[in-house]
Amino acid sequence: MKRSGSELEWAGHHVTIRANQFYDQYGGGGGTAIDFVKKYFGASFQDAVQMLLGPSIAVELIALPPRARPEFSLPPKNENMRRVYAYLLKQRCIDRTVLDYFAHKHLIYESADYHNVVFVGVAEDGTLRHAHKRSTASNSGWRQNQAGSEAAYAFHHIGTSGSIYAFEAPIDLLSFISMYQKDWQQHSYVALCGVSDEALTHQLSAHENLREVVLCLDNDQAGHAATERITQALRDKGYSVSILQSQSKDWSQDLENLSSQEVAPCRLTLS
């Protein structure tokens, strides 16, 4: 384990731990301390409980070795994107021109199996390396990274300016651009698909012109903690870091609130 701000990271497993909760950055999902021991130590429920009760209980467990990343492949594509467009335009209020841009670049599409919206991450050489799936069903919060995804290549756009904006989720990224559209393609944007800074760190390493980081993480406890941790780490490396915070929990909710009030999204020039 290594400390990263208020969190712990399990090297080799890409697992983030906060208090008694863990999150799997590759496979998605997480759980409690009991779930952690069951999953990574191969323990039964009873053995996990005994282990966590304290050293007075004699339980010997050997941690499983780091998991090999499964081979990556994109979910099969649906023949059209009707459900994805309906979901992102009507339910999430994303601007059509913004959605069209990413769809035409094949970075957003609809899966054939469950009609999820798929956000694609591409490496610098054009190879497909990451996919984040989100349910288009009403009132469903289901989301997950595709097996074999490499966190460093999560959904992003790289522009020509020296600024990069970082978000927790792809929909927050799209929502922010929908509200701040003017000349948006000049800037860079990355979705962390969580609160790990691996995707942001990779883009900074891959593009030396990116020296100004704008953290736009969620306006909640987890987002605040991650913002503090990432800010300190990047400033230690010489990057300029500023923080933008949504009025609501996240940028998606801000955009939905604007739309419900029938107020046109802002179209401002980002500095």
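Key figures for this structure:
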{"quantity": "Ranked list, fewest to most other Cβ atoms within 10 Å of each Cβ, for TYR109, TYR114, TYR239, TYR165", "calculated": "TYR114, TYR239, TYR109, TYR165"}
{"quantity": "Kyte-Doolittle at least -1.0, axis length at least 20 Å by Cα - qualifying DSSP helices, the chain", "calculated": "221-236"}
{"quantity": "Modelled FRET efficiency - R0 22 Å, ASN20 with SER140, Cβ distances, 0.05 increments", "calculated": "0.25"}
{"quantity": "Residue range of the chain that is longest and free of GluC sites (Glu not before Pro) which are both DSSP loop and sparsely packed (at most 14 other C-beta within 10 Å)", "calculated": "125-207"}
{"quantity": "Proxy reagent accessibility, fewest Cβ within 10 Å first, across LEU53, LEU99", "calculated": "LEU53, LEU99"}
{"quantity": "Trypsin sites (Lys or Arg not before Pro) within the stretch 200-248, DSSP loop, no more than 16 other Cβ atoms inside 10 Å", "calculated": "ARG211, LYS237"}
{"quantity": "Residue-averaged 222 nm ellipticity for the chain, from DSSP H runs of 4+ at -39500 (n - 2.57), nearest 500", "calculated": "-8000 deg cm²/dmol"}
{"quantity": "Label-point separation, LYS90 to ILE34 (7 Å along Cα→Cβ), nm", "calculated": "4.1 nm"}
{"quantity": "For the stretch 82-260, convex hull volume per residue from C-alpha positions, Å³", "calculated": "115 Å³"}
{"quantity": "Nonlocal amide H pairs with VAL241, under 5 Å, H built at 1.01 Å", "calculated": "VAL213"}
{"quantity": "Net dipole in debye of the stretch 117-200 [+1 Lys, Arg Cβ; -1 Asp, Glu Cβ; about Cα centre; nearest 20]", "calculated": "340 debye"}
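Any read-out appearing in this document is the output of simple, stated calculations on the displayed coordinates, not a laboratory observation. Keep in mind that this is a model prediction, so the values were computed, not measured. Don't worry about glycine lacking a Cβ; one is built from the backbone with ideal geometry, like all the others, and counts go over all protein chains shown.
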